[in-house]
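The values are calculated or read from the model by the stated rules, or taken from the named source; none is laboratory data. Bear in mind that the values here come from a model prediction, so they are computed numbers and not experimental data. No Cβ is skipped: glycine too gets one built from the backbone with ideal geometry, and neighbour counts run over all protein chains shown.
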2 protein chains.
Amino acid sequence: MRIGAIEAGGTKFVCGIGDENGIVLDRVSFPTEQPEKTLGQVIAYFKDKQVEAIGVGTFGPIDIDPNSPTYGYVTTTPKPGWSNYPFLDTLKREFDVPFGWDTDVNAAAFGEATWGAAKGLDSVLYYTIGTGVGVGVYAEGKMVHGLVHPEGGHVLTRRHPDDAYEGFCPYHGDCFEGIAAGPAIERRWKVKGSELSEDHPAWRMEAFYIGQALANAILMISPKKIILGGGVMHQLQLFPLIREEVRSNLNGYVNAQAIVSGLDDYIVPPGLGDNAGLCGSIALGLQAWNQNR
Amino acid sequence: MRIGAIEAGGTKFVCGIGDENGIVLDRVSFPTEQPEKTLGQVIAYFKDKQVEAIGVGTFGPIDIDPNSPTYGYVTTTPKPGWSNYPFLDTLKREFDVPFGWDTDVNAAAFGEATWGAAKGLDSVLYYTIGTGVGVGVYAEGKMVHGLVHPEGGHVLTRRHPDDAYEGFCPYHGDCFEGIAAGPAIERRWKVKGSELSEDHPAWRMEAFYIGQALANAILMISPKKIILGGGVMHQLQLFPLIREEVRSNLNGYVNAQAIVSGLDDYIVPPGLGDNAGLCGSIALGLQAWNQNR
């Protein structure tokens, strides 16, 4: 099979072709600009690719309710031109194939559950921690949408007692994203995260926040696996520190083997690496194709 | 139809009979003592009731994984005699009918989604705030279990700046349950919550904690409705205060009509009143009967 995949990010679009096993056959990317220009490039890319379905995992917030008149729209975003833009309809006018449509992080969670670190599980949380924080929720074999879709990057965590940084989230100041995303690390320590040494205290503080957000998420949703992706998580020294914080926060309360003795295999990087998002969109496309048979 | 229902609580068991419309036809209760004694009473009650299925919504933690050898057990509990007790098997030996089995709060969420305040919705959170705090999660038309089951009463919230009370949770001290359940109100203010006046500052502090937990839950799970039950929530003056805290915490970020202008209808008491738990167990029994046809 040839399934089209679009991973629509705030700074770049990744487009590609995958097969029914999640193998990426082709992959291109271009910067996210005005929607007409960027979607024009997307359309030109897929024009002669003869795909049988297309999956779109996108930045949000988006309208994900098939019964809504604005289904397939990006809703409110500060990104110029994209607010209330009919993203999906623009593509549907060009390609007469089944479309999958979800948030980038739900797509990544679904891709990891289909072919990645959570393969075969019906329950996984996918966090991307980079310039922002996004959370995809896959529970009981379904991507969770609910009222809108999860926006778990904006939960409040307790503050680290040694942290004076006020946070950068325009809505919440020091919510999880506001104090733990990449820009917070850079503004707090006055240097890019990638330039901090592996044993810099920045990482223990970062793990304090991530571990607390994860412990709360475990208590609320009880996922079978948690996958941490995004630029900040390229700092692999964070993983053991985060597991330690999760263990300390839960303090023996959740008496499951995965938590008590299996955290190394419970909180993990994406099995699909930097293809998690694109593979997730392939999985969305494949699902749409199957539902349309 | 005649469906048996068991609402197994930490202090009392409520048993009853309901029909396929969630109408309670009969209802009894007895105190929770040693399992042999209490389940003996349950068995005696149902002996001549000719039920076609039985639903059990119970205190936990419980094993909810049908593939586990200890499925149907209460797992770890300080309650004498109940730790690792084969609750469900004890009943199955006596009654050859389909059994539904879930947490009391998942059952209540399911009951509310079937016949109550969330009727027809595929997504609802049910909180019980009483001697403890429990959270049932119903998402995309399914009760969420995952690794174990949600234990959302134990999330951490930020502390109210004027609150010096250290919390009573034996695992986490000042987690949500530890600072917001009934015993916390009583220990903080040195008087039972039910004896505090409606305009006592206790309620604003209580709403501070509940509103924060709810805002975080909205961001993580995006429920279509939140139902607040339990003894503390009999203080109806809490509802407007909680909605105000939720609005303030989200600060316009979740741009859905239910949040922006519909909070009065979004955060509500149980539609089934104090029958929410029992009706939830009826719904579990009915579901088991349907799955077994």
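Summary of computed values
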{"item": "Tally, over the stretch A:61-105, of residues that are touching a residue at least 24 places away in the same chain (Cβ under 8 Å), among the β-branched types (Val, Ile, Thr) and assigned to a loop (DSSP other than H, G, I, E, B)", "result": "2"}
{"item": "Flag for B:Asp163 being more than 30 Å from A:Lys225 (Cβ to Cβ) and acidic (Asp, Glu)", "result": "yes"}
{"item": "Any pair with Cβ under 6 angstrom, 6 or more apart, that starts in the stretch A:39-54 at a residue that is under 22 Å from A:Glu20 (Cβ atoms) and ends at one that is of a type in the set (Gly, Ala, Ser)", "result": "A:Phe46/A:Gly4; A:Val51/A:Gly4; A:Ala53/A:Gly285; A:Ala53/A:Ala288; A:Ile54/A:Gly4; A:Ile54/A:Gly285"}
{"item": "Candidate set: the stretch B:88-142, residues that are aliphatic (A, V, I, L, M) and surrounded by fewer than 24 Cβ atoms within 10 Å (Cβ to Cβ); chosen: the one farthest from the chain's Cα centre (by Cα)", "result": "B:Val97"}
{"item": "In the stretch B:131-148, the residues that are within 8 Å of chain A (Cβ to nearest Cβ), in a loop (DSSP other than H, G, I, E, B) and in contact with a Pro (Cβ under 7 Å, 6 or more places away or on another chain)", "result": "B:Val144, B:Gly146, B:Leu147, B:Val148"}
{"item": "Which listed residue is assigned to a helix (DSSP H, G or I) and farther than 23 Å from B:Gly152 by Cβ, from B:Gly40, B:Gly16, B:Gly22", "result": "B:Gly40"}
{"item": "Residue count for the stretch A:244-293, restricted to those that are small (Gly, Ala, Ser), touching a residue at least 60 places away in the same chain (Cβ under 8 Å) and closer than 24 Å to B:His145 by Cα", "result": "3"}
{"item": "Helices (runs of 4 or more DSSP H) (entirely within the stretch A:156-265) containing at least 3 residues that are in the same structural domain as A:Asp122 (by TED's automatic domain parsing) and within 30 Å of B:Thr75 (Cβ to Cβ)", "result": "A:201-221, A:238-250, A:257-260"}
{"item": "Flag for B:Glu206 being surrounded by fewer than 18 Cβ atoms within 10 Å (Cβ to Cβ) and among the charged types (D, E, K, R)", "result": "no"}
{"item": "Qualifying positions in the stretch B:1-19 - in contact (Cβ under 8 Å) with a residue 40 or more places away in the chain, within 9 Å of B:Ser29 (Cβ to Cβ) and among the hydrophobic types (A, V, I, L, M, F, W, C)", "result": "B:Val14"}
{"item": "Test result for B:Tyr266, under 21 Å from A:Asp63 (Cα atoms), within 10 Å of another protein chain (Cβ to nearest Cβ) and touching a Lys or Arg at 6+ places or on another chain (Cβ under 7 Å)", "result": "yes"}
{"item": "Number of the exception - A:Val191 against (1) among the aliphatic types (A, V, I, L, M); (2) without any contact (Cβ under 8 Å) to a residue 24 or more places away in the chain; (3) farther than 30 Å from A:Ser29 by Cβ", "result": "(3)"}
{"item": "Residue ID - surrounded by the most Cβ atoms within 10 Å (Cβ to Cβ), chosen from residues in the stretch B:34-52 that are touching a helix residue (DSSP H, G or I) at 6+ places or on another chain (Cβ under 9 Å) and under 18 Å from B:Asp104 (Cβ atoms)", "result": "B:Val42"}
{"item": "Single unsatisfied condition, A:Glu36 versus (1) charged (D, E, K, R); (2) modelled with pLDDT of 95 or more; (3) touching a Phe, Trp or Tyr at 6+ places or on another chain (Cβ under 8 Å)", "result": "(3)"}
{"item": "Single residue of A:Leu278, A:Leu286 found to be more than 15 Å from the chain's Cα centre (by Cα), assigned by TED's automatic domain parsing to the domain that holds A:Glu52 and within 19 Å of A:Tyr138 (Cα to Cα)", "result": "A:Leu286"}
{"item": "Matching residues in the stretch B:179-213 - criterion: being closer than 30 Å to A:Pro150 by Cα and in contact with a Leu (Cβ under 8 Å, 6 or more places away or on another chain)", "result": "B:Trp203, B:Arg204, B:Glu206, B:Ala207, B:Ile210, B:Gly211, B:Gln212"}
{"item": "Total residues in the stretch B:158-178, condition within 17 Å of A:Leu156 (Cβ to Cβ) and either within 7 Å of another protein chain (Cβ to nearest Cβ) or surrounded by fewer than 23 Cβ atoms within 10 Å (Cβ to Cβ) (or both)", "result": "7"}
{"item": "Number of the condition not met by B:Ala213 [criteria: (1) under 19 Å from B:Gly262 (Cβ atoms); (2) touching a helix residue (DSSP H, G or I) at 6+ places or on another chain (Cβ under 7 Å); (3) within 14 Å of another protein chain (Cβ to nearest Cβ)]", "result": "(1)"}
{"item": "Among (1) out of contact with any helix residue (DSSP H, G or I) (no Cβ under 8 Å at 6 or more places or on another chain); (2) at the interface with chain A (Cβ under 9 Å from one of its Cβ atoms) - the single one B:Val191 does not satisfy", "result": "(2)"}
{"item": "Flag for B:Gly120 being farther than 29 Å from A:Val260 by Cα and part of a loop (DSSP other than H, G, I, E, B)", "result": "yes"}
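The rows are residues; the columns are (1) over 14 Å from B:Gly9 (Cα atoms); (2) among the hydrophobic types (A, V, I, L, M, F, W, C).
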{"site": "B:Gly40", "(1), (2)": "yes, no"}
{"site": "B:Val51", "(1), (2)": "yes, yes"}
{"site": "B:Asp63", "(1), (2)": "yes, no"}
{"site": "B:Thr77", "(1), (2)": "no, no"}
